[in-house]
1. Could you tell me which of the residues Leu59, Leu74 is open to solvent by less than 50 Å² (accessible area, probe 1.4 Å) and under 30 Å from Leu155 (Cα atoms)?
2. With the requirement that a residue be of a type in the set (Gly, Ala, Ser) and either closer than 19 Å to Thr142 by Cβ or modelled with pLDDT of 90 or more (or both), what does the range 59-103 give you?
3. Count, please, the residues in the range 87-114 that happen to be open to solvent by 50 Å² or more (accessible area, probe 1.4 Å), in a helix (DSSP H, G or I) and closer than 24 Å to Lys51 by Cα.
4. What pairs can you find where one residue is in the range 96-114 and free of Cβ contacts under 8 Å to residues at least 60 places away in the same chain and over 15 Å from Ala126 (Cβ atoms), the other is assigned to a helix (DSSP H, G or I) and not basic (Lys, Arg), and their Cβ atoms are less than 7 Å apart, with a gap of 6+ or different chains?
5. For the subset of the range 131-150 comprising residues that are surrounded by 12 or more Cβ atoms within 10 Å (Cβ to Cβ) and out of contact with any strand residue (DSSP E or B) (no Cβ under 9 Å at 6 or more places or on another chain), which member is farthest from Tyr163 (Cα to Cα)?
6. Give me a count of the residues in the range 1-56 that are in a helix (DSSP H, G or I) and either of a type in the set (Val, Ile, Thr) or surrounded by 12 or more Cβ atoms within 10 Å (Cβ to Cβ) (or both).
7. Before we move on, is Leu74 hydrophobic (A, V, I, L, M, F, W, C) and closer than 23 Å to Asp145 by Cα?
8. Return the residues of the range 15-27 that are of a type outside the set (Phe, Trp, Tyr), more than 17 Å from Glu69 (Cα to Cα) and touching a helix residue (DSSP H, G or I) at 6+ places or on another chain (Cβ under 6 Å); say none if nothing qualifies.
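The values are calculated or read from the model by the stated rules, or taken from the named source; none is laboratory data. Source: prediction; values computed, not measured. Please note: Cβ atoms are built from the backbone with ideal geometry, for glycine as well, and neighbour counts cover all protein chains shown. With ligands, DNA and RNA removed, areas are computed over all heavy atoms of the protein, side chains included. Shrake-Rupley method; radii C 1.70, N 1.55, O 1.52, S 1.80 Å.
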Amino acid sequence: MARAKYKKWLEPDNLKRISDWARNGVSEPHIAADKDKMDISYSTLKEWKNKYPAISAALKKNKDVVDAEVEESLISTMKKHTVTTIQYKMVKKDKFVLKGERQKFMNMYKLDHPEASQQEILIATAENVDVYEQIPVVKTVTEVDPNISAMIFWLKNRRPDVYRDQTFKKLNEAQARKAIAEANISEKQLKALEEADNPDNATVVVDDISKLKELRDKNADSSTKQGD
């Protein structure tokens with residue numbers, strides 16, 4: 001049963017699903033055995049990896065590999081490089097080549113579908129072995145200048161101390177000074193409140209001479225009693 005299922009996972013959409021699982025960090029045994037994923041044994045997956053390069057390549061598309069590919073692509077655009085474009089045309093395959101491909105496919109199909117009739121094998125062969133092939137007819141090589149935007153992005157992120165916009169640097173410094181100033185003001189306000197709550201720091205305002213004398217006499221009597 002598992003042997004017959006491999007073709008399903010060679011379809012482009014399913015190869016992309018395998019690649020996405022691997023890139024998101026799902027382990028190969030989990031990709032194989034999970035009923036919501038491939039739903040096969042891990043030993044079968046390892047066998048398929050060895051037999052079918054497309055499945056093996058999809059499993060290698062893990063997150064670290066993708067990140068490395070993106071970084072390598074970015075670096076390549078920052079250098080002067082060439083881009084090669086090839087135009088193809090479709091031509092009919094040589095009859096001996098076509099016969100060999102058909103025979104090879106029929107042999108493989110018989111192994112995977114032992115119950116298939118001869119007519120079913122011929123139909124499957126016609127559907128899967130192309131009569132035409134692409135051949136290159138025009139090759140164009142174009143020289144591309146470095147990508148300035150990519151260079152700026154790289155330098156700002158790799159050397160922010162040198163290449164980060166001065167506007168942001170000055171803004172950060174101004175925000176730091178503002179925070180320090182606000183902290184100092186808060187500290188002074190707190191100190192003023194503490195001094196206001198201290199009775200020893202109270203100030204008495206007297207607008208009458210007689211009251212001033214009365215206050216002086218009270219203070220004198222209080223001192224005498226304390227002396228006794």
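1. Testing whether each residue is open to solvent by less than 50 Å² (accessible area, probe 1.4 Å) and under 30 Å from Leu155 (Cα atoms) leaves just Leu74.
2. Answer for the range 59-103, where residues must be of a type in the set (Gly, Ala, Ser) and either closer than 19 Å to Thr142 by Cβ or modelled with pLDDT of 90 or more (or both): Ser73, Ser76, Gly100.
3. Number satisfying all stated conditions: 10.
4. Close Cβ pairs (under 7 Å, with a partner that is assigned to a helix (DSSP H, G or I) and not basic (Lys, Arg)) amount to Lys110/Ile121.
5. Asn147
6. If we filter the range 1-56 for residues that are in a helix (DSSP H, G or I), which is where we start, we get 2-10, 12-23, 28-33, 42-51, 53-56.
Within this subset, residues satisfying the condition of being either of a type in the set (Val, Ile, Thr) or surrounded by 12 or more Cβ atoms within 10 Å (Cβ to Cβ) (or both) are 2-3, 5-7, 9-10, 14-23, 28-33, 42, 44-49, 54-56.
Of the residues in that region, 33 qualify.
7. So Leu74 fits the description; yes.
8. Leu15, Ile18
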